[in-house]
Amino acid sequence: MITQQVHTFLKVAECGSFSKAAHKLYISRVSVMRQIDALEEHVGVPLLVRHSTGISLTPAGRSLREDAARLLEDSEAAIRRARRAGAGARPVIRVGSSMLNPCSPLVSLWEEIREEYPQYRLKIVPFSDDHERIEELIASLNTDEPFFDVLLAVYDSEFWNKNCSFLLLHQEPIVCAVPISHPLASREKLSVRDLNGQTLMMISEGSPGNARAMEILKRECTDLNIIGVGGFYDVDVFHTCIDNNCLLLSLPVWETMHPGLVQIPIDWDCAIPYGIMYPKRPSPEVQGFIDAIRQYYEERSEELS
């Protein structure tokens, strides 16, 4: 089947530049360039000529584009035939899982209702939590070969919204992660103004929930040093927080990310949507799985009301 690198190459060839391709694919320009470099290394010859205004294809690049376009059509047709042939088999729903996006809550939830839906099987697909990798994996949801089918995750990113559909399960309150050696570590709850005079790490790009939190912090804390970490957290962010003995805005779902951090509630109403991400155009099997989870939550809400 066509690899993600070849998908990216075809988009670069179509757009004529790395930046335009990155915009179309909803991944970073650096990620696009790295994929092309890796593809050229694998093929063994240059595929593109880099110009100050864009790119052009080498003879090898033109050859690959023509062959890859045909292969892409063939692979999509093969997948459609395979799905029709396997229509009578139990569909496998591939669930992504990482340290920041653990699948265990979804697996536990499914255990409660799987007897009602015996036609589905779950398969755990592990991945690492680095910035560019997660961009590529989420973008792959809209290709014919997604890395996983669903992901239980925080959903407060413009990037997520462009690439995924989302089933909201609940709101995760924004809390403060504090190193155990920090003077605030013994507190049971914090006010916003308790953060004044501290150094605080937080997401600073593309997150409406964090943007609202930052607005409150800047209004209430005139002596707060805010360190922005871009649009995503990775494991290194938690290590940096410990190494610098500073604070970090976090979520209860990340409570076990680092044994040297304690999470303390903040006296505010800032929260982040949390639920299941899945493709914009899901297969019938994935859509059926999502509908089963949705129905379960709706019935439980009715019971509690």
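Among the conditions (1) surrounded by 15 or more Cβ atoms within 10 Å (Cβ to Cβ); (2) at pLDDT 90 or above, the only one that Lys123 does not satisfy is (1). One residue stands out among those in the range 242-288 that are part of a helix (DSSP H, G or I) and in contact (Cβ under 8 Å) with a residue 24 or more places away in the chain: the one that is farthest from Ser191 (Cα to Cα), which is Glu285.
Residues in the range 90-133 that are assigned to a strand (DSSP E or B) and either in contact with a Phe, Trp or Tyr (Cβ under 6 Å, 6 or more places away or on another chain) or not small (Gly, Ala, Ser) (or both): Val92, Ile93, Arg94, Val95, Gly96, Arg121, Leu122, Lys123, Ile124, Val125, Pro126.
Each row is one residue, and each column tells you yes or no for (1) modelled with pLDDT of 90 or more; (2) more than 25 Å from the chain's Cα centre (by Cα); (3) assigned to a helix (DSSP H, G or I); (4) surrounded by 13 or more Cβ atoms within 10 Å (Cβ to Cβ).
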site: Ile2; (1), (2), (3), (4): no, no, no, yes
site: Lys11; (1), (2), (3), (4): no, no, yes, yes
site: Lys20; (1), (2), (3), (4): no, no, yes, yes
site: Lys24; (1), (2), (3), (4): no, no, yes, yes
site: Gly88; (1), (2), (3), (4): no, yes, no, no
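Checking each residue in the range 38-62 for being in a helix (DSSP H, G or I), closer than 16 Å to Gly16 by Cα and free of Cβ contacts under 8 Å to residues at least 12 places away in the same chain picks out Pro59, Arg62. One residue alone among Ala211, Ala185, Ala177 is free of Cβ contacts under 8 Å to residues at least 24 places away in the same chain, of a type in the set (A, V, I, L, M) and more than 23 Å from Phe127 (Cα to Cα), and that residue is Ala211.
Against the list (1) modelled with pLDDT under 95; (2) assigned by TED's automatic domain parsing to the domain that holds Ile264; (3) of a type in the set (A, V, I, L, M, F, W, C), the condition Ala153 fails is (2). Select from the range 138-176 the residues that are over 18 Å from Val92 (Cβ atoms), part of a helix (DSSP H, G or I) and of a type in the set (A, V, I, L, M) and list them in ascending order. The answer is Ile138, Ala139.
How about the range 41-83: which of its residues are among the β-branched types (Val, Ile, Thr) and modelled with pLDDT under 80?
Ile79
The residues in the range 168-202 that are charged (D, E, K, R) and surrounded by fewer than 15 Cβ atoms within 10 Å (Cβ to Cβ) can be counted, and the count is 3.
If you take the residues of the range 178-202 that are in a loop (DSSP other than H, G, I, E, B) and among the hydroxyl-bearing types (Ser, Thr, Tyr), which of them is modelled with the highest pLDDT? First the steps, then the outcome.
At the first step, the residues of the range 178-202 found to be in a loop (DSSP other than H, G, I, E, B) are 180-182, 187-189, 191, 196-198.
Among the residues that remain, those that are also among the hydroxyl-bearing types (Ser, Thr, Tyr) are: 181, 191.
Details: Ser181: 93, Ser191: 96.
Out of the qualifying residues, it is Ser191.
Across the range 244-259, the qualifying residues are those that are modelled with pLDDT under 95 and in contact with a helix residue (DSSP H, G or I) (Cβ under 6 Å, 6 or more places away or on another chain), and the one among them that is surrounded by the fewest Cβ atoms within 10 Å (Cβ to Cβ) is His258. Residues that are within 25 Å of Ser28 (Cα to Cα), surrounded by fewer than 15 Cβ atoms within 10 Å (Cβ to Cβ), among the acidic types (Asp, Glu) and at pLDDT below 90: does the range 203-212 have at least one? For the range 203-212, residues within 25 Å of Ser28 (Cα to Cα), surrounded by fewer than 15 Cβ atoms within 10 Å (Cβ to Cβ), among the acidic types (Asp, Glu) and at pLDDT below 90: present.
The values are calculated or read from the model by the stated rules, or taken from the named source; none is laboratory data. Bear in mind the structure is a predicted one, so any value in this text is a computation, not a measurement. We place every Cβ from the backbone using ideal geometry, glycine too, and count neighbours over all the protein chains shown.
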